[in-house]
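> Structure provided below as structure tokens; questions to follow.
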Amino acid sequence: MSAVKKIDFHIHTVSTVSDREFEFSINTLQSYVEQACLDAIAITNHNIFDKEQFLEIKSSVQAKVFPGIEIDVEGTHILLISEDNELGDFKSKCDQISMHIPDSCSSISLDTLREVFPDLSKYLLIPHYKKHPAIQSVTLERLGDLVYAGEVSGPKKFVHAIRDESSLVPLFFSDLRIEEQLKIFPSRQTFVDVGEITLESLKIAFKDRKKVFLSREDGHKFFNLLGNKLTLSTGLNVMLGERSTGKSYTLNLINDEFSTEDMNVKYIRQFSLLQKDEDDEREFSNRLKTSQARITEDYLKEFAVAVEGMKDVNRDKLDKALDKFMSSLLKHASESHRRDSFANAKLFTESAFSLNNLDSLKKMISSVVTIVENVEFQDIVDKHVSKESLRGLAVALILEYERQKENELKKSYINDIIEDIKEGLKLHTSATTISEIDLFDLMMDFKRIEKFNELCQHIKVEREFKRQEVSGFFKVARRSSFQNAKDVGAVLARKLSYASAFEFYHADGYSYLRELRKIDSLRETDYYKLFVKIDYEILNSNGFPVSGGERSEYRLLQEISDANEYDLLLIDEPESSFDNMFLFSRVNKLIKDLSGSMPVVLVTHNSTVGASIQPDFLVYTAREYVEGKVAYKLYTGHPGDKILKSRDGEVTKNHKVLLDCLEAGSEPYKERKERYEILKDR
């Protein structure tokens, strides 16, 4: 790959309304280009292009410099990069963008972008792809063949995208603000297999994922960091070194560099998972409950709908309405001999038409229209239902809605006429009128209360509703009834009094809900959580509650498993807290599997972890004194290499490093080996 060039096409040199304040330094940019050994850069400020500054940069930097701009388009950012032979025209177009986007809250549409840049094919377009704010699939589809590469935020996303033939070709850039106080430069650049560096040659290269790399020599298997002072595998890296040689220091530097807005680092620090005191069990239980809140919400989501459905049901009003109706009906019957011509009119006792709710029909129409207009899953929809059939269904539903809506309007109009006539008749007679009531709706509400009470009784019956195996442990979820008001209060962890409401807890669900509504500071959306107690417990492989040490083991396994949602995993000496059998049988496999999809850096002194885990790459830290000051040196290499090398060309023997760091040296290792042989059965 002799033609491989190193580029960074996302560099900021002007502080705009979309940036934090910073003052550009040409000296810093020169140092960055030199130290990072960059072959080409692009100046891409937010929604602005400074021609004079660009010309200064071009004449001062020992690299190819492309003019560019980062544009806010439809909720994402798009890097638009040009050749430097039409700077006047490019400047005038960028000035139009600046006028369209005067502040950090503004953006332009794709149509406006096309109006300003009529021939987008002349430029290189690189949207935020797997990076915040990511381009929407609809926008990407509308851009079509104009976009074939996208910016990602880290090595993990780069590797995933490069392996996925359906994704854009990934590009990894610094997104750097060039300022005076910048002393440590990032290692976020991309290597491209290209000859002469021109916009056209780069376009051709970016269309071929086989020509884009994370590192110069090893393609996608490695990436650079710490200002290009360290190379790591995109898989599993084991870091070795004697005490106080900079292992944790190096981990902290890695954590600092990659903990950005767009990248998340999972850092499991040494001793952080050990049981600390007698309160550990309670803390463990609370953390477990908090971490499983989503499972609780998912389990109770149907019950939450039932509670929400009781919002407009008022039993007191129902009782009063029924009493009023019965009283008026009896009185009306008892006064039959007093009825005059007005009271005997048929409309005097006429009931109003019941009006139907058309919300479900409206939702159906909305759902069908959503399917018709969807672009992202159009291929799947077309395989099962034709667009013509869906459009026909939408039209039929709309016509049915209009027909039913017309009937409802007619009924409402007639109801108004009947009500006006009845009011007029009442003014001319002394006969008692029968109170208006919808007996069907009333009985439905009473039935709702009855069924809701049955549901509340059922959900309080104790039972285990979820059991999940997690690396040899079992995570168990149980439901049960609350025993006192304190238990209820623990659910939301808010200082509210539930004592008066809890008096009705075991009576019936509706009465309990009615009392909860009387607590002023209690949100309606939290009512459903206060009907049933949900507990989580971790059991060991034998089905018993975990001990203190097992809790720590579970924490480690859970922390490693959760790291799958992150971009980088750092683990500092797990052997300080756990025994070798646990590390070998459970932790090693989990880490190894995880490293298949993301970079992992593991610091260890333990042969069970360091050697048995079979890492992809080794990092050895050494402490030296340079001019009386402590300096840390990093040596790297593959596990099978006989020597490990530093960036400045120094070497150390891998065999000695492994024995010294994992086995306490060759002599203790030989002695232990001989003792094991003596004890072995012959």
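> It is to be established whether one or more residues within the stretch 500-523 are charged (D, E, K, R), at negative phi, exposed (fewer than 12 other Cβ atoms within 10 Å of the Cβ) and touching a helix residue (DSSP H, G or I) at 6+ places or on another chain (Cβ under 8 Å).
Looking for residues that are charged (D, E, K, R), at negative phi, exposed (fewer than 12 other Cβ atoms within 10 Å of the Cβ) and touching a helix residue (DSSP H, G or I) at 6+ places or on another chain (Cβ under 8 Å), one finds at least one in the stretch 500-523, hence yes.
> Right, something else. Among (1) outside any helix (DSSP H, G or I); (2) farther than 23 Å from V17 by Cβ, which single condition is V159 missing?
Answer for V159: the failing condition is (1).
> Can you tell me which residue in the stretch 387-426 is nearest to T349 (Cα to Cα), limited to those that are of a type in the set (S, T, N, Q) and free of Cβ contacts under 8 Å to residues at least 60 places away in the same chain?
Per the criteria, the residue is S412.
> Tell me, which helices (runs of 4 or more DSSP H) lie completely within the stretch 306-406 with 1 or more residues that are small (G, A, S)?
Qualifying helices (runs of 4 or more DSSP H): 315-334, 341-344, 359-373.
> If you don't mind, another one. Scan the stretch 162-183 for residues that are part of a helix (DSSP H, G or I) and in contact with a strand residue (DSSP E or B) (Cβ under 7 Å, 6 or more places away or on another chain) and jot them down.
I162
> When both residues are 6+ apart or on different chains and their Cβ atoms are under 7 Å apart, which pairs have a first residue that lies in the stretch 151-162 and is of a type in the set (F, W, Y), and a second that is part of a strand (DSSP E or B) and buried (at least 22 other Cβ atoms within 10 Å of the Cβ)?
F158/V152; F158/P170; F158/F172
> Cβ-Cβ under 6 Å, sequence separation 6+ or interchain: first residue in the stretch 86-108 and farther than 21 Å from V65 by Cβ, partner part of a helix (DSSP H, G or I). Which pairs?
Q96/V116; I108/H100
> Across the stretch 226-244, what is the total count of residues that are out of contact with any helix residue (DSSP H, G or I) (no Cβ under 9 Å at 6 or more places or on another chain), surrounded by 20 or more Cβ atoms within 10 Å (Cβ to Cβ) and farther than 19 Å from K592 by Cβ?
1
> So which residues in the stretch 604-621 are modelled with pLDDT of 90 or more and either touching a Pro at 6+ places or on another chain (Cβ under 9 Å) or charged (D, E, K, R) (or both)?
Those that are modelled with pLDDT of 90 or more and either touching a Pro at 6+ places or on another chain (Cβ under 9 Å) or charged (D, E, K, R) (or both): D616, F617, L618.
> Let me ask something else. Taking the condition of being surrounded by fewer than 16 Cβ atoms within 10 Å (Cβ to Cβ), in contact (Cβ under 8 Å) with a residue 60 or more places away in the chain and more than 22 Å from C456 (Cα to Cα), how many residues in the stretch 292-327 meet it?
2
The values are calculated or read from the model by the stated rules, or taken from the named source; none is laboratory data. For clarity, every value in this text was computed on a predicted model and none was experimentally measured. Positions of Cβ are generated from backbone atoms using ideal geometry, with glycine treated the same way; all protein chains shown enter the neighbour counts.
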